[in-house]
């Protein structure tokens, strides 16, 4: 099989927005395009965050430093910050792959009516198998021998300035990408991603800030097991101990430092493989299988999140939903839409230009696509990409992306959208190399439609 791989030596750098431990609950802005913070809309915010120009009716309009109703933040205590959803199972066959696992995410929720300062909050996955994945496997966790602490494979930390609005949600992605068409999940608007900088093979998505790696035992990505992980959220300032593991040094944390935890195992018969002490989680949850596109979501009753420290009672199986607020944009100038290519920066295309064929490490072949837009959105803009041959026959799967300001980058004129892809409906790279195709994008907003296309040649560089 002929595979073309993106250069693994490229290191991508993203900028982390640092905010003071105060939140602006109301602010105003001008009509000029602006990039919001790395927060998820209406949920997580930072000082200097701005609202839509349509809502600008205060005397401080036009001054992004003007703030009203400033509320101090506080460090979370037990019960303040919960795991609302954990999606780990992976996606079923679609988009030219037989399975897909890069779309994993964890979503946290602020259960209080206070602003939470999450600076230094850590998140990690417990060591141990999820069940008898292979015949003859036996439990290998430390739950029985370490009842007063949790032993962790990897630990990540939120950077200074991370704040979360009352009732707000915060999504942590394995990869902060639009995973369509391989999955239904788009994580390009997540708050953080777990970027493994030293691996040389993990892509750094520029619209999503990076967590800080504290302890890492894994490959080129933070892959939590698709068979069922156990995840904990730790208080900031937690002192980690060490524990020798079969493949490296693991971390330990006292159970008193745990803000929340969830235990997921392979199936209902895997209870002997529990990794978490019973004081943290008396039970466990599970989905129906691997690569089924199922997520564990916390139960909510009468608007209150259930937290009994028993995952079998607190979580139910559902579809993955990395909760981004529904946003509505508008047309504010002369609409402009331009399709291009490029992964880390927008590269314009002319008819007859060449584009590189890229092999996905989980299968499939695609070309990187990018868009420049101005005069409308970006909130609420639906982008639809595909490719057709000279006869107008579609030769790709359709890729969709619903935009928000957190999922685009500002440019001199408007915004650029990076990280999308057009995936070919082919079984072998040779079927695409050397062919001329038409890359197309359509943008939809508020009943209006704009489109752009380029005739390009697919090459093996």
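Tabulated values for the structure
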item: Matching residues in the range 336-376 - criterion: being assigned to a strand (DSSP E or B) and at positive phi; result: 375
item: Unmet requirement for residue 307, which otherwise passes all of (1) crowded, with 21+ Cβ neighbours inside 10 Å; (2) over 22 Å from the mean Cα position of the chain (by Cα); result: (1)
item: Every residue from the range 149-164 that is surrounded by fewer than 24 Cβ atoms within 10 Å (Cβ to Cβ) and either touching a helix residue (DSSP H, G or I) at 6+ places or on another chain (Cβ under 7 Å) or in a loop (DSSP other than H, G, I, E, B) (or both); result: 149, 159, 160, 161
item: Scope the range 414-445; condition assigned to a helix (DSSP H, G or I) and either free of Cβ contacts under 8 Å to residues at least 40 places away in the same chain or over 29 Å from the mean Cα position of the chain (by Cα) (or both); matching residues; result: 430, 431
item: Some residue of the range 128-139 being crowded, with 24+ Cβ neighbours inside 10 Å and outside the structural domain of residue 362 (by TED's automatic domain parsing); result: yes
item: Boolean, residue 169 is touching a strand residue (DSSP E or B) at 6+ places or on another chain (Cβ under 6 Å), under 23 Å from residue 112 (Cα atoms) and crowded, with 17+ Cβ neighbours inside 10 Å; result: yes
item: Filter result (within 22 Å of residue 234 (Cβ to Cβ) and assigned to a helix (DSSP H, G or I)) within the range 257-272; result: 257
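The values are calculated or read from the model by the stated rules, or taken from the named source; none is laboratory data. Being a predicted model, the structure only gives us computed values, none of them experimental. Methodologically, a virtual Cβ is constructed for each residue, glycine included, from the backbone with ideal geometry; neighbour enumeration extends over all protein chains shown.
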